[in-house]
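The block underneath contains the structure these notes are about, expressed in structure tokens.
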Amino acid sequence: MGREVHYDTGCTGTATGGSSITLEDSSADFFQEDISYGSTVENVTDGSTAEIAMDGVEETKITFASALSGGTDNTFEVGDTYRISLSGSYGSKISSTWTCKVCGLAFPKKDLTNGKCKECTDEPRRTMDVKE
């Protein structure tokens, strides 16, 4: 096991266009999803990944810092599904522990009270075991 980091769930969708360096989804609002520089985009259809470039986020389009790699096609085409990880911990194993981002209390999901921390009533984040 590695160190513990906080993990924010990313978004998923279906590409309406793209290339080896871009992802387009006309039904997305990447600003609303809080997608930003450095996040990892995975083309689930072909298994390729890339990191988002600085200033690479538009409302319905994402530009990568370098071309997609590691997949069978390494390009986004109409109909390809994607997943965006908001942390630098892409590919890590998500644990069953939740940690409150305000008070730091760690507890299993079953102990959530209406989706909130039982101590300070803030929304917790799931923690993740990072591969080193």
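The values are calculated or read from the model by the stated rules, or taken from the named source; none is laboratory data. Remember, predicted model here, so these are calculated numbers, not experimental data. With ideal geometry, Cβ positions are generated from the backbone for all residues, glycine too; neighbour counts draw on all protein chains shown.
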If you go through region 45-55 one residue at a time, do you hit one that is of a type outside the set (Gly, Ala, Ser), under 14 Å from the mean Cα position of the chain (by Cα) and farther than 10 Å from LEU23 by Cβ? yes
Residue selected from region 7-19 under the condition part of a loop (DSSP other than H, G, I, E, B) and buried (at least 17 other Cβ atoms within 10 Å of the Cβ), by the criterion modelled with the lowest pLDDT: GLY10
Filtering region 28-51 down to residues that are among the charged types (D, E, K, R) and modelled with pLDDT of 85 or more, which residue is surrounded by the most Cβ atoms within 10 Å (Cβ to Cβ)? GLU42
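Please find, within region 52-87, the residue that is surrounded by the most Cβ atoms within 10 Å (Cβ to Cβ) out of those that are β-branched (Val, Ile, Thr) and assigned to a strand (DSSP E or B).
Residues of region 52-87 that are β-branched (Val, Ile, Thr), as a first pass: 52, 57, 60, 62-63, 72, 75, 78, 81, 84.
Next cut, assigned to a strand (DSSP E or B) only: 52, 57, 62-63, 81, 84.
Numbers: ILE52: 21, VAL57: 18, ILE62: 24, THR63: 17, THR81: 14, ILE84: 22.
Checking each candidate, the answer is ILE62.
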